[in-house]
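A.B. asks: Following this message is one structure expressed as structure tokens.
The values are calculated or read from the model by the stated rules, or taken from the named source; none is laboratory data. Keep in mind that this is a model prediction, so the values were computed, not measured. Cβ coordinates were reconstructed from backbone atoms using ideal geometry, including for glycine residues, and neighbour counts include every protein chain displayed.
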């Protein structure tokens, strides 16, 4: 299968899946990929991109998450050429909690034949199908690269007990789990005698190779599911929260939650497996995770140590974390799942099957 792959990332991107998907698609033996990085602004690169699309020597067009996640990178003459291309188009939609009306219009303008959600929720898929009248499937946004995320250092020799790197969640997601997780464990580290390296500071984010090395220095990793509990296709909740904060810049999270979320009925959750969960499993880094579904891949006390969101079982979680044999079993179980079901090669095989079904 010949693919035209569109992506948009800077070389120093700290989102591993932005760089890993094009790399693994290009390396897959069953695919012949021509990749265009829309952030390559060199004149010759732009001319080559236009010529590539005009030539049309491909079977499918695949637009990766980075093409339109936080912002739209495909526009102008190249957008017009991609739109006019007769080949079926598949779009990996990223950040399914913002700019959703714009992303739906983008899909319609391009004539997307397959939408690939980060969610495995049948309800989410149904809502997309009803809105776009196209095929919909779910594939985790991040796979495992076993060559980069691999256990090199034995757990007992790793200098950090618990590590964590993440972004603060936007208020309009209706929760602040990452902040609560980070603040709690920074606060109790001395009490439990833990060496921690925890940060939500964007300046402390790590590029792919550095992130893999960081995980390999950590005995354990904190984590949560990605996403939020209030999915909608028109951004009404996000827009309302942002408008309120513009008028009340000093409003607390509790104020926002009380006003917009506490009594919200009929909400559709969009909680997904995080790439952090996958990559920590690949380095056999034990995970202490908030209770969640994790798309069915990781189960409590089988693949991770469960932590209630009110921290009421924190003592028990740390006791389990101190149990070397228990943690070895969890780490091995999670590693087995990641290496059997979540490698990029496996996810690309799922993508190939979905693309093959398109007319």
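A.B. asks: Quick one: residue 331 ticks every box in (1) without any contact (Cβ under 8 Å) to a residue 60 or more places away in the chain; (2) over 30 Å from residue 238 (Cβ atoms) bar one, so which box is it?
C.D. replies: (1)
A.B. asks: So if I check each of 254, 216, which one is in the same structural domain as residue 320 (by TED's automatic domain parsing), surrounded by fewer than 14 Cβ atoms within 10 Å (Cβ to Cβ) and either under 21 Å from residue 145 (Cα atoms) or more than 22 Å from the chain's Cα centre (by Cα) (or both)? First the steps, then the outcome.
C.D. replies: Values: 216 fails: surrounded by fewer than 14 Cβ atoms within 10 Å (Cβ to Cβ).
The match here is 254.
A.B. asks: Anything in segment 281-297 that is touching a helix residue (DSSP H, G or I) at 6+ places or on another chain (Cβ under 8 Å) and on the phi < 0 side of the Ramachandran plot? List them, or say none.
C.D. replies: 281, 282, 283, 285, 286, 287, 288, 289, 290, 297
A.B. asks: Would you be able to tell me the number of residues in segment 164-190 that are closer than 14 Å to residue 314 by Cβ and either modelled with pLDDT under 95 or outside the structural domain of residue 271 (by TED's automatic domain parsing) (or both)?
C.D. replies: 0
A.B. asks: Name the residue, out of 240, 203, that is within 20 Å of the chain's Cα centre (by Cα) and outside any loop (DSSP other than H, G, I, E, B).
C.D. replies: Details: 240 fails: within 20 Å of the chain's Cα centre (by Cα).
203 is the lone residue from the list that is within 20 Å of the chain's Cα centre (by Cα) and outside any loop (DSSP other than H, G, I, E, B).
A.B. asks: Would you confirm whether any residue within segment 300-307 is closer than 20 Å to residue 141 by Cα and in a loop (DSSP other than H, G, I, E, B)?
C.D. replies: yes
A.B. asks: I would also like to ask the following. Please work out which one of (1) within 20 Å of residue 307 (Cα to Cα); (2) assigned to a loop (DSSP other than H, G, I, E, B) is the condition residue 264 fails and give its number.
C.D. replies: Tallying (1) within 20 Å of residue 307 (Cα to Cα); (2) assigned to a loop (DSSP other than H, G, I, E, B), residue 264 fails exactly one: (1).
A.B. asks: Can you tell which of 351, 355 is modelled with pLDDT of 95 or more and either in a loop (DSSP other than H, G, I, E, B) or more than 20 Å from the chain's Cα centre (by Cα) (or both)?
C.D. replies: Numbers: 351 fails: either in a loop (DSSP other than H, G, I, E, B) or more than 20 Å from the chain's Cα centre (by Cα) (or both).
Being modelled with pLDDT of 95 or more and either in a loop (DSSP other than H, G, I, E, B) or more than 20 Å from the chain's Cα centre (by Cα) (or both) holds for just one of 351, 355, which is 355.
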